[in-house]
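Please see the structure below; I have some questions.
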């Protein structure tokens with residue numbers, strides 16, 4: 001065994017690319033990594049640049065003068081920004097919980113081989129992967145029939161369920177939850193509800209964590225539903241991402257919604273450019289800090305998804 | 001004898017567990033599927049009838065909505081843009097991530113590979129709204145970094161958001177930038193699954209590294225490349241709304257090169273309030289999408305039954 005390993009590692013060592021090629025490849029990957037990360041750093045620097053510096057030399061990696069005016073300004077508008085932040089956090093949490101429940105229950109039911117309606121339900125979740133009603137009829141149904149317009153449900157429900165997540169979870173339940181466990185629980189008189197909540201959920205936490213992460217990143221980043229279903233008369237319901245989109249042209253949104261009196265003088269000296277970038281920073285920093293820790297769950301999610309069901 | 005299904009207590013319990021999700025599918029997937037007939041109607045919301053009654057009572061106009069849509073120059077542009085961008089994306093989404101995955105698997109330092117991979121994954125987790133601000137920081141006419149650089153070099157500054165000719169490249173670059181980490185991880189997972197003894201045997205036969213890639217790695221990746229290719233063909237009528245709507249900042253002069261079916265459907269629905277045009281375009285998108293995805297799957301099943309989606 002040991003000898004075998006030695007041989008393998010020796011040959012792998014021998015089979016490596018040459019040092020100059022390795023240096024070239026390393027440089028390529030270092031530049032790609034920088035291209036991926038630099039915009040985030042750039043935006044952070046802009047958010048800490050003074051308005052005068054931006055006025056004089058534009059956006060720069062080396063501002064003439066640093067300043068925290070943008071963040072002070074946002075702090076003064078904390079009722080508006082804080083509220084949007086809470087809306088974002090709220091839809092992320094509630095959406096993830098509802099999404100996990102809806103996807104995993106269906107995934108579990110489809111994993112039960114002797115369920116009478118199994119084929120029918122498989123078709124039910126499968127057809128929407130091929131054919132959808134499209135934006136117009138979804139929009140009209142959601143607003144006119146389901147009356148979701150200007151409600152938080154509009155930001156949560158339309159993206160809670162995905163046939164892809166259901167298939168991933170079904171495959172996971174089929175391969176890792178032993179049938180004998182479920183059979184023996186049934187013999188002990190447990191109902192399917194008990195089996196699902198007391199047995200299946202606790203031993204499937206890794207898969208649920210993966211899907212939960214997919215869901216929570218999707219909710220945190222979502223703006224499309226707010227753009228469709230929340231009208232400008234209900235700006236207090238905007239999540240942070242959509243606030244960011246609304247202030248692309250002007251910052252009025254922020255000032256007109258604040259309960260706080262903002263002195264005329266401060267309004268005039270509004271550091272508009274850096275304020276926008278400061279909001280970008282508030283949106284991006286939680287993700288940037290969180291995702292390296294969760295990366296391995298994402299990768300495992302990608303690989304479970306590759307298994308055909 | 002006819003098989004009789006006995007609906008046991010267990011079946012009932014499983015049905016109840018699945019019920020919320022079934023209701024979700026009916027409300028959010030199947031109701032809109034029937035709503036698609038709106039494309040053949042002159043839809044007018046009736047004051048005291050609900051949406052469904054209004055839809056039924058609206059005048060049936062046959063293919064008029066489609067005729068009017070194709071009478072506008074927009075129809076040609078949105079279909080051309082959607083198909084052209086997707087054709088380019090489909091090819092590059094395979095070539096570049098596969099090349100990167102093979103290259104990163106060869107790096108001597110595993111630690112460097114891991115760090116670079118993590119960094120390259122970051123754009124995948126950012127929304128297009130956020131990315132549009134990144135782009136603006138570089139391309140803004142008066143404050144953007146690129147024009148500052150041009151000024152320092154003594155070149156004339158460029159009005160990026162007014163010049164259509166740059167945008168196919170900008171949008172393609174951003175698409176690749178956002179997807180490179182994700183694509184690389186998918187192919188890297190397959191590469192790490194390849195049996196190492198194949199490479200050892202090749203080495204003993206005196207193969208070069210390039211020959212190993214050509215005769216071992218690429219053939220081993222062929223199934224997953226085929227699946228990814230055909231799946232993306234199946235989505236050739238769908239575009240990433242955020243990329244085409246948020247990044248160009250809705251700039252008028254760019255419309256010819258940035259407007260795709262999805263953007264048009266949204267704008268016709270919300271901006272112009274033209275349900276006829278947008279429902280006709282959305283209908284075509286759904287139907288063509290259905291045809292391409294079933295055809296694509298049919299081809300996969302011919303090539304390799306195990307890789308097909310259904």
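Rounded to the nearest 0.05, what FRET efficiency do residue B:80 and residue A:293 have when you use their Cβ-Cβ distance and R0 = 35 Å? Don't jump to the answer; show the numbers that get you there.
Numbers: r = 43 Å, r/R0 = 1.24.
Computed FRET efficiency for residue B:80 and residue A:293 comes out at 0.20.
Ok, one more. Sort the range A:82-154 into rounded, prolate or oblate with this rule: let a ≥ b ≥ c be the square roots of the eigenvalues of the Cα gyration tensor; rounded if a/c is under 1.5, and if a/c is not under 1.5, prolate when a/b is larger than b/c, oblate otherwise. Each step should come with its number before you reach the end.
Numbers: a/c = 3.19, a/b = 1.48, b/c = 2.16.
Judged from the Cα gyration tensor, the range A:82-154 comes out oblate (a/c at least 1.5, b/c at or above a/b).
How shielded is B:259-268 by partner chains, expressed as the average number of their Cβ atoms within 10 Å of its Cβ atoms?
Mean number of neighbouring Cβ atoms from other chains: 2.
What 222 nm value per residue comes from the helices of chain B, counting each DSSP H run with n ≥ 4 as -39,500 (n - 2.57) and dividing by all residues, nearest 500 deg cm²/dmol?
-20500 deg cm²/dmol
If the elastic network links every pair of Cα atoms under 10 Å, which of A:79, A:188, A:179 fluctuates the most in the Gaussian network model of chain A?
The residue with the greatest mean-square fluctuation here is A:188.
With a point put 7 Å past each Cα toward its Cβ, work out how far residue B:53 is from residue B:273 in nm, to one decimal.
Roughly 2.3 nm, to one decimal.
Another question, then. Shape verdict for chain A, please, from the Cα gyration tensor: rounded (a/c under 1.5), prolate (a/b greater than b/c) or oblate. Mind dumping the intermediate values first?
Working: a/c = 2.65, a/b = 1.29, b/c = 2.06.
Cα axes put chain A in the oblate bin.
If a/c stays under 1.5 just call it rounded; otherwise compare a/b with b/c (prolate if a/b is bigger, oblate if not). Do that for chain B, with a ≥ b ≥ c from the square roots of the Cα gyration tensor eigenvalues.
Numbers: a/c = 2.21, a/b = 1.17, b/c = 1.88.
Note, shape of chain B comes out oblate.
Over the range A:78-259, what relative contact order in percent results from Cα pairs under 8 Å that are six or more residues apart?
Relative contact order here is 42 percent.
Let me ask another. If each DSSP helix of 4+ residues adds -39,500 (n - 2.57) and the sum is divided by the residues in chain A, what number results at 222 nm, nearest 500 deg cm²/dmol?
-22000 deg cm²/dmol
Could you calculate the contour length gain from residue B:222 to residue B:63, that is, 0.36 nm times the residue separation minus the distance between their Cα atoms, to one decimal place in nm? Can you show the working numbers first?
On the way: separation 159, 0.36 × 159 = 57.24 nm, distance 4.33 nm.
Extra length from residue B:222 to residue B:63 when fully extended: 52.9 nm.
Further question: If you count, for each residue, the other Cβ atoms within 10 Å and average over each peptide, how do A:126-133, B:177-184 line up from highest to lowest?
Final packing ranking: B:177-184, A:126-133.
Need one number: nm distance between label points at residue A:143 and residue B:192, each 7 Å from Cα along Cα→Cβ, rounded to one decimal.
4.7
Additional query: Return a whole-number percent for the relative contact order of chain B, with Cα pairs under 8 Å and 6 or more residues apart as the contact set.
Relative contact order for chain B comes out at 23 percent.
How far, in nm, would the chain grow between residue A:30 and residue A:120 when pulled straight, counting 0.36 nm per residue and subtracting the alpha carbon separation?
Extending this stretch completely gives an extra 27.4 nm.
Another question, if that's okay. By per-residue mean of other Cβ atoms within 10 Å, what is the highest-first order of B:234-244, A:55-65, A:83-93? Please list the in-between numbers first.
Working: B:234-244: 20.9, A:55-65: 15.8, A:83-93: 19.2.
Final packing ranking: B:234-244, A:83-93, A:55-65.
Using a Gaussian network for chain B with springs between C-alpha atoms less than 10 Å apart, which of these wobbles most: B:34, B:288, B:51?
Residue with maximal mean-square fluctuation among B:34, B:288, B:51: B:34.
Give me a single rounded figure for B:142-148: the average over its residues of other chain Cβ atoms within 10 Å of their Cβ.
Partner-chain Cβ atoms within 10 Å, mean over residues of B:142-148: 4.
Find how much the distance from residue A:198 to residue A:23 grows on full extension, using 0.36 nm per residue of separation minus their present alpha carbon separation; answer in nm with one decimal.
Taking 0.36 nm per residue and subtracting the Cα distance, the gain is 57.7 nm.
Which residue fluctuates the most in chain A, going by a Gaussian network model with Cα springs under 10 Å, if the choices are A:111, A:67, A:137?
A:137
As an exercise, use a Förster radius of 30 Å and the Cβ-Cβ distance of residue A:164 and residue B:115 to find the FRET efficiency, rounded to the nearest 0.05.
Efficiency at R0 = 30 Å is approximately 0.50.
Show me B:156-166, B:185-195 ranked by packing, highest mean number of other Cβ atoms within 10 Å first.
So the order, starting with the most tightly packed, is B:185-195, B:156-166.
Further, regarding this structure: May I ask you to derive the FRET efficiency for residue B:208 and residue B:88 from their Cβ-Cβ distance with R0 = 22 Å, giving the value to the nearest 0.05?
Efficiency computed from Cβ-Cβ geometry: 0.10.
Now, a different point. Considering every residue in B:276-288, what mean count of other chain Cβ atoms within 10 Å of its Cβ is obtained?
3
Moving on. With a cut-off of 8 Å between alpha carbons and a minimum separation of six or more residues, what is the relative contact order of chain A in percent?
Numbers: 273 pairs, mean separation 92.1, N = 309.
Relative CO of chain A lands at 30 percent.
Bear in mind that the values in this text are calculations on the coordinates, not laboratory data. All of these numbers come straight from a predicted model, not from anything done at the bench. As a convention, Cβ positions derive from the backbone with ideal geometry for all residues, glycine included, and neighbour counts pool all protein chains shown.
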